[in-house]
Amino acid sequence: MKNAATQSIVGTGLSDPEEKAVYRKITIRLIPFLFICQVMAALDRMNVGYAQLQMKQDLGFSDLIYGTGAAVFFLAYFLFEVPSNLLLERIGARKTITRIMFIWGLVSAATMFVNTSVQFYFVRFLLGVFEAGFFPGVLLYLTYWYPQKQRGRISGYFISSIIVAGILAGPISGFIMAGMNGMAGLKGWQWMFLLEGLPATILGIIAWFYLDDRPANARWLNERERAIVTEKIEADRAIKTGVEHTGIGKVFGDARVWILAFIYFAYLCGSYTLAFWLPIMIKDLGVADIKSIGMLAAIPSLAGLVMMNWYGRRSDIMAERRWHFALAVCIAALTLAFSTLTSNSLLISMLLFICAAAFLSGSVPVFWAVPPAYLSERGAAVGIALVTCVGQLGGVVAGAFMGWIRNTTGSGDYGLYAIATLMILAGVLMIVCVPVRLLRERTR
């Protein structure tokens, strides 16, 4: 009876204001909470970049040790991301997100007890293990609620949380490290890990009571509203592209999935280079005060926040992804490379960092509209996780490779040149290897 009623409701047709009202309700319910969760995830990932301003001196860590510790996180992320997404599809988002957030908050806070390089590597590896699956899991979760034509905008809303974390990370981390250093016998960086880690655990508990696995489970939607969402999602799934992913093997054997993974890898090489090394690059420009470094490091993230939401919406309106991504990532690459030529000017260097951060941020929601548009329903969980976990190896490059370059040459210039080259290659591959005819893209 319920299925028949639902079919009857769906068959009556949908008014545009009604559809907008339903998705406004869904967005108000889901996006703010998921946004806050991702802010904490990104903050717990980024804060190690600020911790190094004190931690390396206190513990005697070199750039290479720090960079390797930052990279170990992504190695664990790489190993456990696909299993985590498969688990989400099996047991649901509520249980998965609760598990991830509760444990990662405890592990992040435990970084305050690190004394040796081995302990640092171990804690960062555990953080990667337990955080693995959150970001791709939420992206998969959003495909259960939103049709393809809205995903550039919605992905932009969600992913902009990473930019907000970048804006907050500098001032908050700088304030904690400078203002609480020595309090209760703890170093400033120890207080930072504690105070920025535990909120994630609290959010994990809240997620258990707040989230619903799918629209069909959402009691805050009425029957008509659930039917509207179901119709829009099923209409997307009915679009055929000639590429059907009938199982895990089909996804792993698809060369374009691996190309998308490489493109995301190249993007994250640039993104994490700014996240991990921007505080040190600003310090190298002659800024010594930790609070000032934190404030300056927040400015590029603020520009990225504005660009991300405008660019994602523009891509949705034009129903075009490939050229939007390629243009943004190439501009970001060039400005990042040119920053090596302006070390005698803080102002010009900051303008280049701002431009690089803005276009990097603008490119990411556009990119994340592509994999769900290419992958069929059965391949989405594995494909999104595969793209994400391979991409996360960009954090290894941004951490270990840049650390090695700085240790070896005393400068990160050659590392920035290599990363800029990868980013330009990513833009070219998006145009050449991802034909628009293979994307499930609706123009209206």
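Laboratory data are not the source of any read-out in this text; all were calculated from the coordinates shown. Bear in mind that the values here come from a model prediction, so they are computed numbers and not experimental data. Cβ: placed from backbone, ideal geometry, glycine included. Neighbour counts: every protein chain shown.
Miscellaneous remarks
- The mean sequence distance of close C-alpha pairs (under 8 Å, at least 6 residues apart), as a share of the length of the chain, puts its relative contact order at 27 percent.
- Of the DSSP H helices in the chain, those whose Cα atoms cover at least 27 Å axially and whose Kyte score averages -0.5 or more: 16-59, 63-91, 151-179, 188-210, 255-284, 290-318, 346-367, 413-433
- Stretchable slack from VAL436 to ALA418, in nm (0.36 nm times residue separation minus alpha-carbon distance): 3.6 nm
- Rg/Rh for the range 109-223, where both radii come from Cα atoms and Rh is the Kirkwood radius: 1.07
- Placing pseudo-labels 7 Å out from each Cα toward the beta carbon at VAL306 and ALA288 gives an inter-label distance of 3.3 nm.
- Relative contact order (%) - criterion: Cα under 8 Å, at least six apart; region: the range 82-186: 27
- Classified by the C-alpha gyration tensor, the range 163-269 has an oblate form. Its axis ratio a/c, with a ≥ b ≥ c, is 1.5 or above, and a/b does not exceed b/c.
- Amide N of the range 280-322 lying under 14 Å from the label point, which is placed 7 angstrom from the Cα of ALA178 along Cα→Cβ: 283, 287-298
- About the Cα centre, charge dipole magnitude for the range 58-139 (Lys/Arg +1, Asp/Glu -1 at Cβ), debye: 380
- Using bins of 5 Å that start at zero, the share of Cα-Cα pairs per bin across the range 18-160 amounts to 2, 9, 18, 19, 16, 13, 9, 7, 4, 2, 1, 0, 0, in whole %.
- The alpha carbon gyration tensor of the range 276-380 gives principal lengths a ≥ b ≥ c with a/c of 1.5 or higher and a/b greater than b/c, which makes the shape prolate.
- Using the average count of surrounding beta-carbon atoms within 10 Å as a protection proxy, the listed peptides 137-147, 39-49, 286-296 rank, highest first, as 39-49, 137-147, 286-296.
- The range 154-290: relative contact order in percent, alpha carbon pairs under 8 Å with at least 6 residues between: 15
- Each Lys or Arg adds one and each Asp or Glu takes one away; over the other residues whose Cβ falls under 15 Å from the Cβ of LEU268, this sums to -1.
- Cα Rg, Dmax (largest Cα-Cα span) when computed across the chain, Å: 21.6, 73
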